[in-house]
1. Tally up the residues in the stretch 83-107 that are polar (S, T, N, Q) and within 17 Å of GLY56 (Cα to Cα), please.
2. Could you please find all residues in the stretch 99-121 being at pLDDT 95 or above and either out of contact with any strand residue (DSSP E or B) (no Cβ under 8 Å at 6 or more places or on another chain) or open to solvent by less than 40 Å² (accessible area, probe 1.4 Å) (or both)?
3. Looking at the stretch 1-14 only, could you name the residues that are part of a loop (DSSP other than H, G, I, E, B) and surrounded by 12 or more Cβ atoms within 10 Å (Cβ to Cβ)?
4. Here is a list: THR17, THR54, THR63. Which entry is surrounded by 13 or more Cβ atoms within 10 Å (Cβ to Cβ), at negative phi and out of contact with any helix residue (DSSP H, G or I) (no Cβ under 9 Å at 6 or more places or on another chain)?
5. Keeping to the stretch 49-79, report how many residues are part of a strand (DSSP E or B), charged (D, E, K, R) and under 25 Å from GLU101 (Cα atoms).
6. Please tell me if ASN50 is polar (S, T, N, Q) and touching a strand residue (DSSP E or B) at 6+ places or on another chain (Cβ under 7 Å).
7. Cβ-Cβ below 8 Å, separation at least six or inter-chain, first residue in the stretch 116-130 and more than 25 Å from ALA70 (Cα to Cα), second at pLDDT 95 or above and open to solvent by less than 10 Å² (accessible area, probe 1.4 Å): which pairs?
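The values are calculated or read from the model by the stated rules, or taken from the named source; none is laboratory data. Remember, predicted model here, so these are calculated numbers, not experimental data. Here the Cβ is made from the backbone with ideal geometry for all residues, glycine too, and neighbour counts use every protein chain on show. The accessibility values were calculated without ligands, DNA or RNA, using every heavy atom of the protein model including side chains. Shrake-Rupley method; radii C 1.70, N 1.55, O 1.52, S 1.80 Å.
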Amino acid sequence: MRPGEQLPPLEIPVTRTLVVAGAIASRDYQDVHHDAELARQKGSPDIFMNILTTNGLVGRYITDHFGATAVLRRVAIRLGAPNYPGDTMVLRGVVEEVTEEADGDTATVRVTGDNGIGRHVTGTVTVTVPSAADAPSEATAPAGGAG
């Protein structure tokens, strides 16, 4: 991890299911996120993704790149063009700054996400990647899927 490092782009198909499921998962029951007819009545061509879903996808993008032990310290995003079903959002990131700390390296990553009509999201994410000595080992890491 070094300043100027570009993260590989991540393409996310924006499906109707993703938009509705993200709204439900984040308990955002505004009709513009699940009812196409009411969204049209309010001036939108269709339902659109909510900010909490976008926030989660940005977090996923960062942790997919930096690994399962990465800890998101801060996610600050701003929305622009809506994400409508049938489009694809492409997330991109660039490491802006890296600081060495006792528990690992902390990076500030500039993230953007574009779709067919423009820039959907812009933001910064602060993430800490634990040093090898501080990272949980396979033997001590929690097992996935149980619970």
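1. We begin by selecting, within the stretch 83-107, every residue polar (S, T, N, Q); these are 83, 88, 99, 106.
When the remaining residues are screened for being within 17 Å of GLY56 (Cα to Cα), the result is 83, 88.
Selection size over the stretch 83-107: 2.
2. Result: THR106, ALA107, THR108, VAL109, VAL111, THR112, GLY113, ASP114, ASN115, GLY118, HIS120, VAL121.
3. Listed by number, the residues that qualify are MET1, GLU5.
4. Working: THR17 fails: surrounded by 13 or more Cβ atoms within 10 Å (Cβ to Cβ); THR54 fails: out of contact with any helix residue (DSSP H, G or I) (no Cβ under 9 Å at 6 or more places or on another chain).
Selected residue: THR63, the only one of THR17, THR54, THR63 that is surrounded by 13 or more Cβ atoms within 10 Å (Cβ to Cβ), at negative phi and out of contact with any helix residue (DSSP H, G or I) (no Cβ under 9 Å at 6 or more places or on another chain).
5. Step one: filter the stretch 49-79 for residues part of a strand (DSSP E or B), giving 71-79.
With the extra rule that they be charged (D, E, K, R), the set shrinks to 73-74, 78.
Narrowing the set further to residues that are under 25 Å from GLU101 (Cα atoms) leaves 73-74.
Count: 2.
6. On the way: polar (S, T, N, Q): yes; touching a strand residue (DSSP E or B) at 6+ places or on another chain (Cβ under 7 Å): no.
Considered against the rule, which asks whether it is polar (S, T, N, Q) and touching a strand residue (DSSP E or B) at 6+ places or on another chain (Cβ under 7 Å), ASN50 comes out as no.
7. ARG119/GLY113
Here's the yes/no breakdown for (1) among the hydrophobic types (A, V, I, L, M, F, W, C); (2) without any contact (Cβ under 8 Å) to a residue 60 or more places away in the chain; (3) within 25 Å of HIS65 (Cα to Cα):
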| site | (1), (2), (3) |
| --- | --- |
| PRO8 | no, yes, yes |
| ILE12 | yes, no, yes |
| THR17 | no, yes, yes |
| ALA25 | yes, yes, yes |
| ASP28 | no, yes, no |
| HIS33 | no, yes, no |
| ALA36 | yes, yes, no |
